[in-house]
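First the structure, in the form of structure tokens, and then the observations on it.
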Amino acid sequence: MALEVETRPADNGVTVLAPTGRLDVVGVPALKEAIGEAVKNSPPKVVIDMEGVSFVDSTGLGSVIAALKQIRNSQGELRLAAPNQQVRVVLELTTLDRVFPYYATVEEALTGL
Amino acid sequence: MGSNHFEFRASLSDLGEGLDVLHQSVERLRRAVGRDADDLSIIHFETALGEIGSNVLTHGRPRGTTRPVEYSLLLDGDEIVASLTDSGPMVHEHLGREMPSLEHEDGRGLAIARSLLDELGYERVGDLNRWRLVKRL
């Protein structure tokens, strides 16, 4: 199942990326491409709406870590919104929830960004 | 109340299609045992299976081989047992790897699988790798 990524502009120059499908070794290239476009804004402010992500694996996590480094290097900010139970399990197990404090909804993630 | 016996077998020859089959088999199992989408035991098992399955489908079919990855998923009582057999090179140096620190982008797969399963077995038999994943419901 290929990952599809919808890009939506939001207020204050924020880009919302909404992937749908599995964020795994097969799906990662589509997210990387969308992140590559979003970081062209300066400074990049990105929310990844995880509601449509059914499953994430370690390769998918790696792509989000890479995106975070890329965005922070440009003095930007990356937030995750609406992860499902499986995504939360993986974030907490790997302690990456300390790096990605996730938000229950996109609206909450956009607040103050 | 769901069933306490389930069996699924497949031969996998492609990374994308193979991963689809692995996830579909867990969905069938979930329905067979009457668990919902937030059931943690099944989420833990599927997450571990995704990690091992991805490694096996990526590295377990060396160039030139036509031998598929053999996959089975069984439920016996309250124990889920998955088996993956591939003809890739022997796996040794990664098995004991700990969870990498936060800034690393890769190297978490086996550590995640080990943490979420009740048993993760690996053996080299002839020129085959055999993985065994066990999770109790």
With the radius of gyration and the Kirkwood radius both derived from the Cα set of region B:83-137, what is their ratio Rg to Rh? 1.01
Nearest-20 debye value, region B:30-137 charge dipole, Cβ charges on Lys, Arg, Asp, Glu: 380
Could you order peptides A:56-63, B:62-69 by the average number of other Cβ atoms within 10 Å of their residues, highest first? A:56-63, B:62-69
Can you pull the percent of Cα pairs in region B:60-99 with separation above 15 Å? 61
Given Cα pairs under 8 Å that are at least 6 residues apart, what percent is the relative contact order of chain A? 25
What is the mean number of Cβ atoms from other protein chains located within 10 Å of the Cβ atom of each residue in peptide B:104-113, rounded to a whole number? 5
Quick one: Karplus J couplings for region B:113-130, per residue in order, coefficients 6.51, -1.76, 1.60, θ = phi - 60°, nearest Hz, x for Gly and Pro? 4, 4, 5, 9, 9, 7, 8, 10, x, 9, 9, 9, 10, x, 9, 10, 9, 10
Positive-end residue of A:Ile65, A:Val25, A:Leu93, charge dipole of chain A with Cβ unit charges: A:Ile65
Can you run phi through the Karplus equation (6.51, -1.76, 1.60; θ = phi - 60°) for region A:17-28 and list ³J(HN,Hα) in whole Hz, with x for Gly and Pro? 9, 10, x, 10, x, 9, 8, 10, 4, 7, x, 4
Using a Förster distance of 41 angstrom, determine the FRET efficiency expected from the C-beta separation of A:Asp11 and B:Leu137, and round it to 0.05. 0.35
Collect residues whose amide H, placed 1.01 Å from N in the peptide plane, falls under 5 Å from the amide H of A:Arg22; neighbours closer than 5 in sequence don't count. A:Ser54
Region A:12-97: trypsin sites (Lys or Arg not before Pro) in DSSP coil with no more than 10 other Cβ atoms inside 10 Å: A:Lys40
Obtain the radius of gyration and the Kirkwood radius of chain B from its C-alpha atoms and give Rg over Rh. 0.96
How large is ³J(HN,Hα), in whole Hz, for each residue of region B:33-48 in order, when computed from phi with the Karplus curve 6.51 cos²θ - 1.76 cosθ + 1.60 and θ = phi - 60°, using x for Gly and Pro? 9, x, 9, 8, 5, 9, 5, 5, 4, 6, 4, 4, 5, 5, 5, 5
Taking each residue in B:44-55, count the Cβ atoms of any other chain within 10 Å of its Cβ, then average. What number comes out? 4
Expressed as a whole-number percentage, the relative contact order of chain B with C-alpha contacts under 8 angstrom and at least six residues apart is 27
Alpha-carbon gyration tensor eigenvalues x 5, square-rooted, for the protein assembly as shown, Å: 33, 20, 16
Amide H neighbours of A:Arg79 under 5 Å, counting only residues 5+ apart in sequence or on other chains, H built in-plane at 1.01 Å? A:Val46, A:Val47, A:Ile48
Inside 10 Å of the C-beta atoms of B:66-73, what's the mean count of C-beta atoms belonging to other chains? 0
Using just the alpha carbons, could you tell me how many Å³ per residue the convex hull of chain A encloses? 84
Interchain or long-range residues, amide H under 5 Å from B:Asp118's placed H: B:Val134, B:Lys135, B:Arg136
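Each reported figure results from applying straightforward, stated rules to the coordinates on display, with no laboratory input. Source: prediction; values computed, not measured. A quick note on method: Cβ atoms are made from the backbone with ideal geometry, for glycine too, and the neighbour counts reach across all protein chains shown.
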